[in-house]
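Structure first, commentary second.
The values are calculated or read from the model by the stated rules, or taken from the named source; none is laboratory data. Source: prediction; values computed, not measured. Positions of Cβ are backbone-derived with ideal geometry, glycine not excepted, and every protein chain shown enters the neighbour counts. All accessible areas refer to the heavy atoms of the entire protein, side chains included, with ligands and DNA or RNA removed. Shrake-Rupley method; radii C 1.70, N 1.55, O 1.52, S 1.80 Å.
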Amino acid sequence: MIHGWPDTHRLWDRQVEALKARYRCVRFTLPGFERSAEKRAYPLDELLETLRRVVEQACPGERVTLLLHDWGCFFGYQFAMRHPELVERVIGVDIGDAGSRQNRAELGLRGRLMVLGYQLWLALAWRIGGGIGDAMARWMARALRCPTDPSTIGSQMGYGYAIRWLGVAGGFRGVKVFEPKWPMLFTYGERKPFMFHSRSWVERLAARPGNRVIGFPTGHWIMVAQPREFNDALLTWLAETEN
């Protein structure tokens with residue numbers, strides 16, 4: 001279970017409760033997302049190596065099902081492409097082919113400007129840091145209707161945006177196009193000003209046997225807004241795709 005901005009491992013509390021009777025749940029807070037963490041940009045290679053160590057130490061000799069949200073999707077998708085032998089299934093929450101040519105075209109100018117605006121704001125919050133940076137990050141979390149406890153949010157969580165837009169830590173070099181080769185469940189919130197996926201991507205995904213695409217009448221944090229419905233979808237799909 002890999003979370004994104006501006007969350008911690010606690011994002012998955014309700015999912016662990018629903019899944020733990022049948023599945024082993026492994027979760028952790030991403031490096032640098034702890035409130036007390038120093039401001040540092042973690043290069044993609046280092047993050048993917050961290051994920052590899054977690055998987056191999058927690059589940060030696062086994063493949064895992066990835067449950068991913070937000071930046072967790074980006075990191076998890078890259079991990080799956082780099083280490084396909086360690087992955088059994090993929091569950092992506094609200095992030096599909098974000099940033100692809102098709103996604104950008106569907107966003108239109110207004111949507112692209114909205115994405116650029118909030119991401120640059122968080123990149124600058126990371127760069128500024130300190131009390132001002134923290135205040136900027138919390139303001140944006142409120143503006144985006146993030147359900148996370150504001151006291152846990154800090155500017156240091158925004159290093160992904162700084163890598164993406166400011167080129168720190170070498171930028172995101174070596175990123176691979178995510179084409180799922182595993183059974184995949186993709187869920188997304190329908191009540192957002194813009195989508196992080198393209199229609200053509202979800203159509204291709206849904207056409208493959210074993211895959212499923214489900215839209216929820218929520219915003220970005222589906223697992224918080226509709227935990228029971230989300231958990232039911234997880235359990236149903238996991239049961240359907242078990243070997």
With Cα coordinates, the longest principal axis of the chain makes an angle with the long axis of helix 44-58, in degrees rounded to 10, of 40
Tally Lys and Arg at +1 and Asp and Glu at -1 over the other residues with C-beta under 14 Å from the C-beta of Tyr188: what net charge comes out?
-3
Out of the trypsin sites (Lys or Arg not before Pro) in segment 186-230, which ones are loop residues according to DSSP with at most 16 other C-beta atoms within 10 Å?
Arg191
Rounded to the nearest percent, how much of the accessible area of the chain (1.4 Å probe, protein heavy atoms only) is carbon and sulfur?
53
Can you work out the accessible area per residue across segment 89-243, with the rest of the protein chains kept in place, probe 1.4 Å, in square angstrom?
49
Debye calculation, C-alpha points only, no solvent: report log10 I(q)/I(0) for segment 41-127 at q = 0.11, 0.13 Å⁻¹, in the same order as the q values.
-0.40, -0.54
Calculate the length of the line joining the C-alpha centroid of segment 183-243 to that of segment 103-127, in whole Å.
23
Looking at the P(r) of segment 113-241, how many percent of alpha-carbon pairs lie beyond 20 Å?
59
Between His9 and Val175, the two model label points (7 Å from Cα along the beta-carbon direction) sit apart by a distance in nm of 2.7
Can you tell me the relative contact order of segment 102-243? Whole percent, Cα pairs under 8 Å, sequence separation 6 or more.
21
Which whole-number percent of Cα pairs in segment 1-82 have a distance greater than 23 Å?
18
In deg cm²/dmol, rounded to the nearest 500, the helical mean residue ellipticity at 222 nm of the chain, built from -39500 (n - 2.57) for every DSSP H run of length 4 or more, is -14500 deg cm²/dmol
Which translational diffusion coefficient, to the nearest whole µm²/s, is obtained for segment 165-243 from the Stokes-Einstein equation, given a Kirkwood hydrodynamic radius over C-alpha pairs, 20 °C and 1.002 mPa s?
146
Work out, step by step, the length gained on full extension between Leu116 and Leu235: first 0.36 nm times the residue separation, then minus their alpha carbon distance; give nm to one decimal.
39.3 nm
Computed over the chain: longest principal axis from alpha-carbon atoms vs helix 130-143 long axis, angle to nearest 10 degrees, is 50
Segment 147-243: GluC sites (Glu not before Pro) in DSSP loop, at most 15 other beta carbons within 10 Å:
Glu190, Glu242
What ratio of Cα Rg to 2.2 N^0.38 Å holds for the chain?
0.96
When only Cα pairs under 8 Å and 6 or more residues apart are kept, what is the percent relative contact order across segment 1-112?
26
